[in-house]
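Scroll down for the structure; my scribbles are underneath it.
Derivation of every value follows stated rules applied to the coordinates shown; laboratory data play no part. These numbers come from a predicted model, not from an experiment. Every residue, glycine as well, gets a Cβ built from its backbone with ideal geometry; the counts of neighbours run over all protein chains shown.
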Amino acid sequence: MWDYTDKVLDLFYNPKHQGVIEDKDEPGVKVAVGDVGSIACGDALRLHLKVEQDTETILDARFQTFGCTSAIASSEALIELIQGKTLDEALKVTNKDIASHLGGLPEAKMHCSVMGQEALLSAIYNYRGIKREAHDDDDEGALVCTCFGISESKIRRVI
Amino acid sequence: MQKNCIYLDNNATTKVDPEVVEAMLPYLTDYYGNPSSMHSFGGQVGKVVNQAREQVAALLGADESEVIFTSGGTEGDNAAIRAALLAQPQKRHIITTQVEHPAVLTLCKQLENQGYTVTYLSVNSQGQLDLNELEASLTGNTALVSIMYANNETGVVFPIEQIGMRVKEHGALFHVDAVQAVGKIPMNMKASTIDMLTMSGHKIHAPKGIGALYVRRGVRFRPLLIGGGQERGRRSGTPNVPGIVGLGKAAELELLHIEEATAREKKLRDRLEQTIIATIPDCEVNGHSTQRLPNTTNIGFKYIEGEAILLHLNKHGICASSGSACSSGSLEPSHVLRSMGIPYTILHGSIRFSLSRYTTNAEIDTVLEVMPGIVEHLRALSPFKSD
Amino acid sequence: MQKNCIYLDNNATTKVDPEVVEAMLPYLTDYYGNPSSMHSFGGQVGKVVNQAREQVAALLGADESEVIFTSGGTEGDNAAIRAALLAQPQKRHIITTQVEHPAVLTLCKQLENQGYTVTYLSVNSQGQLDLNELEASLTGNTALVSIMYANNETGVVFPIEQIGMRVKEHGALFHVDAVQAVGKIPMNMKASTIDMLTMSGHKIHAPKGIGALYVRRGVRFRPLLIGGGQERGRRSGTPNVPGIVGLGKAAELELLHIEEATAREKKLRDRLEQTIIATIPDCEVNGHSTQRLPNTTNIGFKYIEGEAILLHLNKHGICASSGSACSSGSLEPSHVLRSMGIPYTILHGSIRFSLSRYTTNAEIDTVLEVMPGIVEHLRALSPFKSD
Ligand SMILES: Cc1ncc(COP(=O)(O)O)c(C=O)c1O
Ligand SMILES: Cc1ncc(COP(=O)(O)O)c(C=O)c1O
Ligand code: FES
Ligand code: FES
């Protein structure tokens, strides 16, 4: 059994920011989406950001996660961390911040928090219209298989 | 500590029967002698060990001289496979299946590095073997065929005697990992093609740390554990007397209850399974519907992930599992379900419920009450859904 | 059954401490979960296993990550020796002694058939090793030196750290069978040359069927039992939770009592030994008088036969042994005493008394009362006598 902190379990059982943000074409506001993972790998996260364009402030964020306890809790934690921040501030949020916000994650589960950070990057890049280099065998459309693409080296680097 | 739960994880381990504990206790307290000792205080314990051997032999339909006590299923599997290879050093081929327990599979993988060729038989989407593939794989060089009686994850039962007949035609030894089958399927080694059979105590309401290996009389055996020559030289080490007594008692109880218990478990299992399938959309049973243990159901819930389901069940005091319990540390999806070609949409969200004779109707009711809400909640979080 | 006896056979096995039984019981009854499971009912048991690991580590002066639970001393010895050889496939030489327990000795004999050269160090008439012989045997090809801490038959203790220093100079791995030493001699792996150390539960008032293997951090290890990857991949198989909890408790109690218990046992042992030697003619202590476990005495009674003595003692409710308890079926005289060059007149009439913290003064009195009569009676039957 994984040694989850009470915080992990609380955010897992009672997430408050699940779902999507519909783009209602409000003036001065833009909705951006970030995707990471795929169902084939067993982990996937889609992040919706609602951003005030003037200030690049995150007005709201929602997640949809297919994954384990840590993945769901990390998604919720990510949103708690970025709410109200500017995109530049949000870019400074690392998976380690997510993990420490959760009071820690089991070592083997650190990669679940990486997914949060990656989805955030993806959403911000999309918002800014920056193309990210695609993963090698990336022909699956929106939800690409990046869980092995989050790549061993990346996982090692961040743990 | 948490004492009560709705325990539907009996393929991982079982509750020790109170009668088993009671039978063991005197050998943990008063009768602690070493059965090999020259004094009657120790010698009396030797008699008790042999009585337990008779009880285990009775459950297997074997002779007591064919029963070796081990520390559990893993030791039994390891010992049987190594013994078969040591006894036939000239033969270098092993046949097993893709869906074995790691106690067989990981060892076979390792033997590949030691000059053995291993054939891993495939299974179809129902978890069943193709006997033609077996037939085509058997050669005069095949030392051993090691195939499980019933799968721990799906409960799928293999046609062991049909397999064994083919194995015997080709002169190979036949080992069967029956850890999940003993106590759920009647055994009769007297009329069987099986040469060696592994069982484990903690799957049949005996304690952890004890098991038995059946070795047919006349089958050449080379011990894995070497030392003082206990178990007639076939398994050295001071015998785990309380464990052995417990295993004997558990075997006696299994034999006594097998028919009515399995019938009861099957009824509860079927109700659980059918109601879930009928009331929750997008879920499927993994594994053949009838060639299956009476106590096991493995259900895949599309678009959601197994661990998340388990933790929600846990919050309701319900114990189940995804995949095997060996190493909860493992993040890999089940090798059994992958071998069956279960689609990814289902694979990651598959849950095993395994019942025992202690499972009650009311417990099944509780699962059926909470399960739809859990699935709905997690699906609401999921980026995937059916269109 | 026979519940009471004067139990002086503690090197064969010991009484389980009532506190140990009490600690184990909840894990035989209520908390039967599998520690690897994903539910808290199983997970809570995992914590208890790790607590026991800390208790065992404390007794050994080791880190808890260095403790692997096994099924007992034989598995520990077998696993350590095989691991050492697998980790250094290019080295083909083993050094051990002529007086090891069969769990080491028989395995080494078998390894000779598998291309290994084994040096069996001799002992002198006091049961002691010659460190020069060790030094002369060590080569760059030596994979492993496996030497017991204390002998089970005579109690003779080897100078383990002096041995280890020499072993380390030659880059070999050092395994120590400390089954008889743990709990009787303080251990501190933190300041030791030992790479691997075997202990067994049932010799320290834990139950049979559980033991531990210490493996120093950084020492390459290859598991004997392969499967689900429990014990961090170093010993697969569902862990024997009640046994592990019992071993943990027993380790805690040994650590607590070691000083006063061994002092007390030594006093009783010395009185037993000295009075026998003083009052019965033609008998001798086998083994060094001081380099010895505090609880063991091995006394040779000339002109009479061990089994006959034991049966007479048994009639008086006294449990002792001749040689080791592994296989009472064995008719061979002790390989340990033969290696010491004990003359045949004494060899066959040698009896081991081994005490524990439960041994009382009154029990020793009883032995001292009956022993002269038994010896006299048997000598009257014997065709041999002193001239
Ligand atoms: C089919 C099968 N084989 C072997 C084992 C290993 O048994 P044990 O845990 O007693 O070592 C298990 C259970 O874990 C099993 O389900
Ligand atoms: C020195 C020594 N090593 C190994 C063993 C074997 O231990 P076990 O009986 O727990 O397998 C024993 C006891 O029998 C022993 O005395
Ligand atoms: S999301 Fe895959 S293990 Fe956590
Ligand atoms: S006389 Fe019986 S064993 Fe030697």
Rounded to whole Å, how close does chain B get to the rotation axis onto C by Cβ? Give me the residue too, please?
-> B:Ser71, 2
Measuring label to label, 7 Å along Cα→Cβ, what does B:Gly61 give against each other copy in nm, shortest first?
-> 5.8
Calculate the dipole size of chain C relative to its Cα centre from +1 charges on Lys and Arg beta carbons and -1 charges on Asp and Glu beta carbons; express the result in debye to the nearest 20.
-> 820 debye
Rounding to the nearest 20 debye, state how big the charge dipole of region A:36-104 is about its Cα centre with +1 on each Lys and Arg Cβ and -1 on each Asp and Glu Cβ.
-> 240 debye
List the distances, in nm and shortest first, from the label point of C:Thr279 to the matching label points in every other copy, placing each point 7 Å from Cα along the Cα-to-Cβ direction.
-> 7.9
Under Stokes-Einstein, with the Kirkwood radius over Cα pairs standing in for Rh, what whole-number D in µm²/s applies to region A:18-100 at 4 °C and 1.567 mPa s?
-> 98 µm²/s
Which FRET efficiency value, to the nearest 0.05, is calculated for A:Asp6 and B:Tyr120 with the Förster distance at 45 angstrom and r the Cβ-Cβ distance?
-> 0.55
What residues from region C:359-387 fall in the zone where the backbone N is under 19 Å from a label point 7 Å along the Cα-to-C-beta line of C:Thr345?
-> C:375-387
Residue mean of other protein chain beta carbons inside 10 Å, B:72-82 = 4
Given the peptides B:87-98, C:146-157, B:2-13, arrange them by the average over their residues of other C-beta atoms within 10 Å, most packed first.
-> C:146-157, B:2-13, B:87-98
Among C:Lys15, C:Lys109, C:Lys203, residue whose mean-square fluctuation peaks in a GNM of chain C (springs only between Cα atoms under 10 Å) | C:Lys109
Lysines within cross-link reach of B:Lys47: Cα-Cα under 30 Å, excluding same-chain residues under 8 positions apart?
-> B:Lys15, B:Lys184, B:Lys190, B:Lys203, B:Lys208, B:Lys249, C:Lys3, C:Lys15, C:Lys203, C:Lys208, C:Lys249, C:Lys315
Return one number: the angle in degrees, 0 to 90 and rounded to the nearest 10, between the long axis of the Cα atoms of helix B:18-28 and the longest principal axis of the Cα atoms of chain B.
-> 40 degrees
Helix C:361-381 versus the longest principal axis of chain C: what angle, 0 to 90°, nearest 10, using Cα atoms?
-> 50 degrees
Among C:Thr139, C:Asn113, C:Gly43, pick out the residue whose Cα is farthest towards the positive end of the charge dipole of chain C, where Lys and Arg carry +1 and Asp and Glu carry -1 on C-beta, about the Cα centre.
-> C:Gly43
Mind checking A:37-45 for the average number of partner chain beta-carbons within 10 Å of each residue's beta-carbon?
-> 5
Compute the semi-axes of the equivalent ellipsoid of chain C, taking the square root of 5 times each eigenvalue of the Cα gyration tensor, and list them largest first in whole Å.
-> 35, 27, 17
Does anything in region A:42-70 have its amide N under 13 Å from the 7 Å Cα→Cβ label point of A:Asp25, and if so which residues?
-> none
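Average the reciprocal distances over every distinct pair of alpha-carbons in region B:151-302, invert the result, and give the Kirkwood radius in Å.
17.7 Å
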When only alpha-carbon atoms count, how far does region A:1-62 stretch along each of its three principal axes, as whole angstroms with the largest first?
-> 48, 29, 17
In bins 10 Å wide, starting from 0, what share of all Cα pairs of region B:225-285 does each bin hold, as a percent?
-> 18, 22, 20, 19, 15, 6
Whole-Å distance linking the alpha carbon centroid of region A:6-37 with that of region A:55-126 is 10 Å
Beta carbons within 10 angstrom, averaged per residue: use that to sort the peptides B:79-86, B:339-346, B:176-183, C:49-56, highest first.
-> B:176-183, B:79-86, C:49-56, B:339-346
Here the whole-number average of other chain Cβ atoms within 10 Å per Cβ of B:237-249 is 6
A student asked for the Cα radius of gyration and Dmax of region C:164-235 in angstrom ought to give 13.6, 38
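Find the eigenvalues of the gyration tensor of the Cα atoms of the protein assembly as shown, then list the square roots of 5 times those eigenvalues as equivalent ellipsoid semi-axes, largest first, in whole angstrom.
56, 31, 26
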Region C:27-76: radius of gyration over Cα atoms, expressed as a fraction of 2.2 N^0.38 Å | 1.28
Share of Cα-Cα pairs in region C:1-160 beyond 27 Å, in percent?
-> 44 percent
So what is log10(I(q)/I(0)) for region B:332-387 at q = 0.17, 0.18, 0.26 1/Å, when the Debye sum runs over its Cα atoms only?
-> -0.79, -0.85, -1.05
For every helix of n ≥ 4 consecutive DSSP H residues, a contribution of -39,500 (n - 2.57) applies; sum these over chain C, divide by its total residues, and give [θ] at 222 nm rounded to the nearest 500 deg cm²/dmol.
-> -13000 deg cm²/dmol
Listed with the fewest Cβ neighbours within 10 Å leading, A:Phe63, C:Phe221 appear as C:Phe221, A:Phe63
Return the FRET efficiency for the residue pair C:Ala263, C:Lys315: r is the Cβ-Cβ distance, R0 is 25 Å, and the value is rounded to the nearest 0.05.
-> 0.20
Cα extents of region B:248-387 along the three principal axes, largest first, in whole Å?
-> 51, 30, 28
Run through the DSSP bridge list for region C:95-187 and note the antiparallel percent, rounded to the nearest 5.
-> 15 percent
Provide, as a two-decimal number, the C-alpha radius of gyration of region C:1-59 over 2.2 N^0.38 Å, N being how many residues it has.
-> 1.52
homo-copy label distances at C:Glu307 (7 angstrom along Cα-Cβ), nm, one dp, ascending, are 6.0
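Just subtract the alpha-carbon distance of C:Ser65 and C:Leu256 from 0.36 nm times their residue separation and send over the number in nm, one decimal.
My answer for the length gained is 66.6 nm.
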Most to least packed among C:64-70, C:210-216 [average Cβ atoms within 10 Å] | C:210-216, C:64-70
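Once R0 is set to 45 Å, what does the formula 1/(1 + (r/R0)^6) return for the Cβ-Cβ distance between C:Thr366 and B:Ala87, expressed as a FRET efficiency to the nearest 0.05?
Numbers: r = 50 Å, r/R0 = 1.12.
Here the calculated transfer efficiency is 0.35.
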